[in-house]
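Since the structure comes first, as structure tokens, the remarks are kept for the end.
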Amino acid sequence: MSAPVRGSASARFLDPAVLGRISNLELLAKTVVEGFISGLHRSPFVGRSMDFAEYRAYMPGDDIRQIDWKLYSRSDRYYVKEFEGDTNTQVTLALDISRSMDFGTAPLSKLDYGRTLASCLAYLASRQRDRVGLMLFDDEVREQIPPAAKHLQRALLSLSRLEPGGAGDLEKPLVRLADTSRRRGIVVVISDFYEPPEQVVRAVRGLKVRGNDVLLFHLLDPAEIELPYDETTDLEDLESGVRIALSGGDFARQYRLLVQQHIETLRTRFIELGIDYTLIDTSEPLDRALHRYLAGRLWSMKSR
Amino acid sequence: MSFLAPLFLFGALALAAPVLLHLRRRRAKTPQPFPSLMFLENVPVRSVKRRRLRDVALLVARCAALLLLALTFAQPIVPSLGAGSEVAAGEQVVLLLDRSFSMSHGGRWERALAAVSERLAVAGDRVSLVGFGRQAEVLLPWTVSEQAPASLLSGLRPGVDGTDYGAAVRAARRLVNQADTDRPVRVVLVTDVQAGGWDRSDRNPLPAGVELELLDVRQEPEPANLAVLGVRLERQQTGDRERVVVTARVGRFSPGPGTDDEPGAAIPARLELQVDEREVETLDVSIDPAEPVFEVEFQPFTVASDREHRGAVALSAVADSIGVDDVHRFVMAPGDALSVLLVEPPGRRSQEAFYLRRALQTLSDPRIRLESAVAGSLQETILERADVTIVLDAIADLQGGESEALLARIGAGAGLLVSVGPRTASALASADAFAALPEGLRPPAASERRGGSDERQVRRLASLSTEHPSFRAFSDGFRDAFTGVAFFRAEALEPRAGDRVLAYLDDGAPLLVERPVGRGRIHWYATSLDASWSDLPLHNAYVPWLDGEVRTLAGYRPRPPSYRIGEVAELALPLPLDAWTLEAPSGDRSPLGEFLDQRRAAAATLPAAATPTAPDADPLASADQALMRLDQPGFWELSTDAGEAPRLLATNVDAAESDFGRLDADEFAAGLVTVGEGPREAESAGGVAGERSDAPRGRLWWALAVATLAALCVEGVLASVRQRRDASSGAALS
């Protein structure tokens, strides 16, 4: 799997700056995902059941074994058979909409980036015949859409309407998600994880314990990583409203050190737990996140 | 180091501004939102060095610029090495004490002495004291105040002189220029601020940088003052008797409006005219405030013409405060008369003298004693009597002895007017007609004959030296007076070296040529004085011109009936100075020559700062002429044993001192100080001022100014760099 060719349509639509100009979330997700998929040589994902649903035109990436050759002989066109129950997993997207996510110096704020990412993942999952569910949370579950094959539009609608919430707290919503999930599946958590690593681990561990494949997307703005402010700046916490005056000559270096320690701690702990953890810089294109999802999807299929 | 304008040093307090600015943390107006302060709250170095100065280089540049700017405006003075061992502590004070006689009024003198005494008692100051009236005298040269003699003020009294602030300021300038450069100089003027003492046209202010303090010692209300301001003498000649009418001018002065005891009441007073200390007439007058200055005329009276008389108008009133100005003394001398000798050609009575006689007989002040003589038969005695000799077309007829005597008389101060008529014109045509005349009497050589009686060519007056005393009557313009005057004939005179042409005809020919001879002068008139060669005698300009001619040629200067204290009298005596004895108003008698010698010696020993504005004694005095300064009120009498009648000089106090009109203090002070900062003038004052030099201070000022500019440039560069850095940082954030 190669990276998108620079300048190609897929690469262009994976750029956050371009995505920010598309207001229709479904169109956005479709554009991204179709372009993304079209860049792949082969669709590695297959699904089959005994209940015929419909014919559809062959699309690049479909397994050629699914082509109905009889129909081809009659119509001289390639069609593949669709079957009901082709979906073999459920994908639950958990998006952190706490106030801290409403920050961004890149073209997209973390919340918009997470919204776009969630939309694309939902569309991609739906296209792969997975059942799609959505949970929006800050310190509580603000909205939850249970996974279902036909919940894509509902999920996209919720994502398009969402507003930033209040203070964030991972444990309570994710524990609730774990408790309410009846089937194992893929749980994608999109958050900035502004909690001590132990609390984050404690919150996520319940999902893993219940047999879910957990994918964590850690969204950080470049300013959160580099802290490009000088001593003349006062910073205000988006969630608590606490202000702090930057001082000291090496506060930025200290900050970056603490952030890196935080990230490394999370990464280490999640590796230990077998949880897929991906740090996303919101100034980066979406492809890394999509690839990571597809890799997790494949892993999930293989593990079943 | 001291400073000329130390108040500007307060500007250095502005240094606090950049320091505070650099200590202050320049914060954005609105805080920057940030997702979480979870990590920043754990940054251990927070609040360390919170008050640290930012941009130290920029701060240093700004502070240096401000400090240098304050120093530049403060004008530091760095005493040069070896400039004196005295430690510069207090200030240097020049005390100018008004000693005019108005200071004796209403307790002013006591207040002035108290103020001066208080100033002299300030420890650490260098002080000098100048007393002034119309002249200034250094009473105490620069001295440390502790060393000022205790008896300095005890013997001081107000004088009888007038006030001249210009003289005081000139003395102060000299003292200021002798002062140390490392200490500020203050001039304290202790006076009653009389309006009459300041001549606004006297632009001679104190040097720049010198502070003036005006101490007004008047304490209102003060009573009114009455004074006899002057007299005017009018002479009436009836036959051989001369009657004199004395008119006195009387004034009433109040210190200020509404300060009089009874501002609206008339003050009764008595005026007494005295001659030789005997009462002649007494008049009772009432001096109304509505007419503060008025004239009182006494009855005419006859005076003996053999000698001079002591006259006085004395005023007596109850409500008067100053007595010294209540008497005005004057000299009643017999009316002056000038002796004019008309010299006519031999053999015939010239018609030329007709107009001339008539014109001269109309002159009354001075009167003209007219004598006639014929050229070739002049007696030496008649020549000796003549103040002016007028030779009517007879210069070529003078004999050798006559001409020699005439020339000698002119050299001694008499005058000669030579008119040119037909006889002289004929003589001018021949080469040796004037060979017998001495060189000084020979007319300006005629280069060619111009005009002639036959031609009747009319010429007009083209120009006139109106500044010459002969033409003083035409100082406002001669054209109106001489319009229509026709000159039918005039001989061409060619001035010699030293001659001066006083009038030209419109063809460029000189009409009147002056030749100085010794103390006298000769006027050559290119035409006749009758109506044959010109019609000038028929015009109005004839008499006033002749009046001016006679006065000028005679060297006549009328002697005033009285002098003001401080004025200089010109002594023109018929006998040598050594023959006279002088009796001063104080009663002291001394030979005049000895008295004048003492005055000269005293003037020579005066310190430079006290050089009087007028000489006490004329250093160029001749044997029978001298200038003498009159410094006492009263009568000065010059007497001799050689039979000459005594000569009198009357001296009075300055009438301006009686007027209490007050100067506007602000205007007065503004007129005495120099606006703007600059170095004190370096005047040469007896070689003392040569020790001072303002050049080092000027260089220091320029150095500070350049350093200030450099600091500002550095600050600008550093601020620009800082601004660019901030801009690039901001762009990175956005």
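No lab work stands behind these numbers, since they all come straight from the coordinates. Predicted, not measured: the structure shown is a model, and the values here were computed from it. As a convention, Cβ positions derive from the backbone with ideal geometry for all residues, glycine included, and neighbour counts pool all protein chains shown.
Could you tell me which of A:111, A:212, A:273 has its Cα farthest along the dipole of region A:90-303 towards the positive end, charges placed at Cβ (Lys, Arg +1; Asp, Glu -1), taken about the Cα centre? With unit charges placed on the Cβ atoms, the residue in question is A:212. Between amide H atoms placed 1.01 Å from N, distances below 5 Å from residue B:134 occur with B:162, B:164, all of them 5 or more places distant or on a separate chain. Each of B:102, B:590 has some number of other Cβ atoms within 10 Å of its Cβ, and from fewest to most they run B:590, B:102.
For region B:337-554, what relative contact order do you get, as a whole percent, if you take Cα pairs closer than 8 Å and at least 6 residues apart? Mind dumping the intermediate values first?
Numbers: 470 pairs, mean separation 51.8, N = 218.
About 24 percent, as a whole number.
Partner shielding of A:186-198 amounts to 1, given as the average count of beta-carbon atoms from other chains within 10 Å of each residue beta-carbon. Among B:372, B:534, sorting on how many other beta-carbon atoms sit within 10 Å of each Cβ, with the fewest leading, yields B:372, B:534.
Go through A:30/A:150; A:30/A:110; A:110/A:208 and tell me which ones have a Cα-Cα distance over 23 Å in this structure. Beyond 23 Å: A:110/A:208. Which of B:328, B:341, B:302 sits closest to the plus end of the dipole of region B:287-350, meaning its Cα is farthest towards the positive end, when Lys and Arg get +1 and Asp and Glu get -1 on the C-beta? Going by the Cα projections, it comes out as B:341.
How high is the relative contact order of region B:225-334? Use alpha-carbon pairs under 8 Å, at least six apart in sequence, and give a whole percent. Across region B:225-334, relative contact order equals 33 percent. Across peptide A:223-234, the mean count of Cβ atoms from other chains lying within 10 Å of each residue's own Cβ comes to 5.
Can you sort A:186, A:280, B:390, A:271 so the residue with the fewest Cβ neighbours within 10 Å comes first?
Working: A:186 25, A:280 21, B:390 29, A:271 11.
Ascending Cβ contact count within 10 Å gives the list A:271, A:280, A:186, B:390.
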